[in-house]
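The values are calculated or read from the model by the stated rules, or taken from the named source; none is laboratory data. Bear in mind that the values here come from a model prediction, so they are computed numbers and not experimental data. FYI the Cβ positions are ideal-geometry reconstructions off the backbone, even for glycines, and counts take in every protein chain you see. Each accessible area value is taken on the protein alone, full model and side chains, heavy atoms only, with ligands, DNA and RNA left out. Shrake-Rupley method; radii C 1.70, N 1.55, O 1.52, S 1.80 Å.
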Amino acid sequence: MTYYITTPIYYVNAEPHIGHAYSTVVADALAWFHRLQGTETRFQTGTDEHGEKILDAARDAGLPVKEFVDRISAQFRRNWDAMGITYDSYVRTTSPEHGKVVQEILAQVYASGDIYFGEYGGFYCYGCEAFYLERDLVEGRCPDHKVEPTFIKEENYFFRMSKYQDWLIDYIETHPDWIRPERYKNEVLAFLREPLEDLCISRPRERMGWGIPLPFDDRFVTYVWFDALINYLSGLGYPDAPEFARFWPGAQHLIAKDILKPHGIYWPTMLKGMGLEPFQHLNVHGYWQMAQGKMSKSLGNVVDPGSLVGRYGLDQVRYFFLREMVFGLDAQFSEAALTTRINADLANDLGNLFARSLGMAFKYRQGIVPAPGTSEPMDQEIVAAAGHAAAEFLQHFPALEFGRALAPLWEFIGRLNRYIVASAPWELAKRPEAASRLDTVLYHLLEGLRQIAALLRPVMPGSALKMSQQLGLGPALWDRPLPQVLQWGRLRPGSSLNKGPALFPRIEND
Ligand SMILES: [Zn+2]
């Protein structure tokens, strides 16, 4: 089985912010994890560049629309490159390759009879670029934008989404973790309790011309969602490229909850209409909420991912994202919470453990990994605890339960710190007859750190590599699938350690 993870393609009407960075980091961490597991992995991101809001934003910026989308798309890409994001493909919906795939799909679905021409009158929200039913309005206003929609009556093309309503309900009910976490599955099922309308998939060119022309009627362009969702296929070279056949069966989408409806309803019914199998999972996350009230002057800047990373460090931000937010729920973002995570979890717990252990190995054993002697119960407990932490991590990480993956690893880090106190290597070092005991303790510390470095690579790729370099292993630590890497005792006695700078400097409060 392959693994194909996608971020949403980001809408280029505004610059990247912390929410985009979170989605992208989560996808990157998952891609890392699956590659380290030995699974053939593909990771795709990109930008969504059509639609009315983009025309408006270009007009506001005083730029021709193509120039505007080129500029913002490049800004997203630069951001991800600066953050070391390991995407394999970057789709732009204004590319000729993508446009061609959208037109081919439209032609195919039109030929199959699932697209028809009709007249439609409805409440249109310009902010959402979507029609609303009267019952979906809140006191006559768009539930998102709180503005009164405009009643528009016009001729358009429609996708027979209603035809697939029963199939979709049945599919969701027979695949209970298809949309996860569960709250979002329930939300989609709640939408589906009402009769599903057909989806208006065109916009008249005279009203809104910034889109992909319909192949069967060029008076119209494609509705932005019908266009955008197809990026998940066009980026694989659908229909003919071998990547499509190889990776589509392993497809998982990652989105924020604001785009649940297009991904949970439009997209699976579109795939059904094309005769394709659904994706494996739709993974839905919540929002970062900015802490209200006391905001430092810098907070305005730091929600821009570039300055956040510049100020706190890339791996520090990645760790915070994965550790602090329960995937699927909203979380509070504040610099105080970020600083606490960095100082407590990274500088104190992990950083000190690492520095102390290597420091003692240099002080007492000249930086050479000693061979362990006879194991005592306290050493056997360390081996068992490492196995437990690894098993929890390997189980929860791919299920996007990042807190449940990381918490046991930090319990293990805490246990190693207590092991140092309990075994007191500085006392052992005073007694020549305790030399073998000291070897055993140092070996358990170093091998425990090797296990931690191995597991942290998807979370903090740069720091995990630095740990591995100081342990004398470098990238070779990950030269086989993770479960084999994690067999206890792979750290070779007699090998050399390397000195290096502190992993995680403390953040001092202003
Ligand atoms: Zn709206």
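Can you tell me which residue among A385, A405, A391, A453 is of a type outside the set (K, R) and either over 30 Å from the mean Cα position of the chain (by Cα) or open to solvent by 50 Å² or more (accessible area, probe 1.4 Å) (or both)?
None of the other options fit; the residue is A391.
Sub-6 Å Cβ pairs linking a first residue in segment 61-75 that is within 11 Å of V12 (Cβ to Cβ) and small (G, A, S) to a second residue that is at pLDDT 95 or above and open to solvent by 30 Å² or more (accessible area, probe 1.4 Å), at least 6 apart or interchain, are S73/R92, ordered by first then second residue.
Tell me, please, whether a residue that is closer than 19 Å to I368 by Cβ and either out of contact with any helix residue (DSSP H, G or I) (no Cβ under 6 Å at 6 or more places or on another chain) or β-branched (V, I, T) (or both) can be found in segment 452-464.
no
Identification of strands (runs of 3 or more DSSP E) wholly contained in segment 87-173 with 1 or more residues that are of a type in the set (G, A, S) yields 89-92, 115-125, 130-132.
Taken together, L477, L445, L491, L438 contain a single residue that is closer than 18 Å to R365 by Cβ and in contact with a Ser or Thr (Cβ under 6 Å, 6 or more places away or on another chain), which is L445. Residues in segment 136-150 that are at pLDDT 90 or above, near the ligand (Cβ under 8 Å from one of its atoms) and within 19 Å of E194 (Cβ to Cβ): C142, P149. Among the residues of segment 19-38, those that are in contact (Cβ under 8 Å) with a residue 60 or more places away in the chain and open to solvent by 10 Å² or more (accessible area, probe 1.4 Å) comprise G19, H20, W32, H34, L36, Q37, G38.
Can you find a residue in segment 87-105 that is more than 31 Å from the chain's Cα centre (by Cα) and either surrounded by 16 or more Cβ atoms within 10 Å (Cβ to Cβ) or more than 16 Å from the ligand (Cβ to nearest atom) (or both)?
no
Only one of the listed residues (A57, A82) is within 30 Å of E324 (Cα to Cα) and at pLDDT below 95. That residue is A82. The lone criterion from (1) more than 16 Å from the ligand (Cβ to nearest atom); (2) open to solvent by less than 40 Å² (accessible area, probe 1.4 Å) left unmet by G122 is number (1).
Counting only helices (runs of 4 or more DSSP H) that fall entirely inside segment 328-445 and contain at least 2 residues that are more than 30 Å from H253 (Cα to Cα) and small (G, A, S), the qualifying elements are 353-365, 377-396, 402-423.
If you filter segment 459-497 down to residues that are outside any loop (DSSP other than H, G, I, E, B) and polar (S, T, N, Q), you find that the one that is farthest from A405 (Cα to Cα) is S496.
Rundown of residues vs (1) within 16 Å of the ligand (Cβ to nearest atom); (2) acidic (D, E); (3) without any contact (Cβ under 8 Å) to a residue 24 or more places away in the chain, yes/no style:
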site: E134; (1), (2), (3): yes, yes, yes
site: I152; (1), (2), (3): yes, no, no
site: E155; (1), (2), (3): no, yes, no
site: Y164; (1), (2), (3): no, no, no
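None of Y124, Y171 is within 18 Å of P278 (Cβ to Cβ) and among the hydroxyl-bearing types (S, T, Y) except Y171. In segment 314-326 there is at least one residue that is over 30 Å from S496 (Cβ atoms) and touching a strand residue (DSSP E or B) at 6+ places or on another chain (Cβ under 8 Å). Show the residue pairs meeting these rules: Cβ distance below 7 Å; 6+ apart or different chains; first residue within segment 331-356 and modelled with pLDDT under 95 and open to solvent by 10 Å² or more (accessible area, probe 1.4 Å); second residue among the aliphatic types (A, V, I, L, M) and assigned to a helix (DSSP H, G or I). That search, which allows pairs on different chains as well, returns E335/L299; E335/V302.
Note on segment 199-250: among residues that are of a type in the set (D, E) and either part of a helix (DSSP H, G or I) or free of Cβ contacts under 8 Å to residues at least 60 places away in the same chain (or both), the one that is least open to solvent (accessible area, probe 1.4 Å) is D227.
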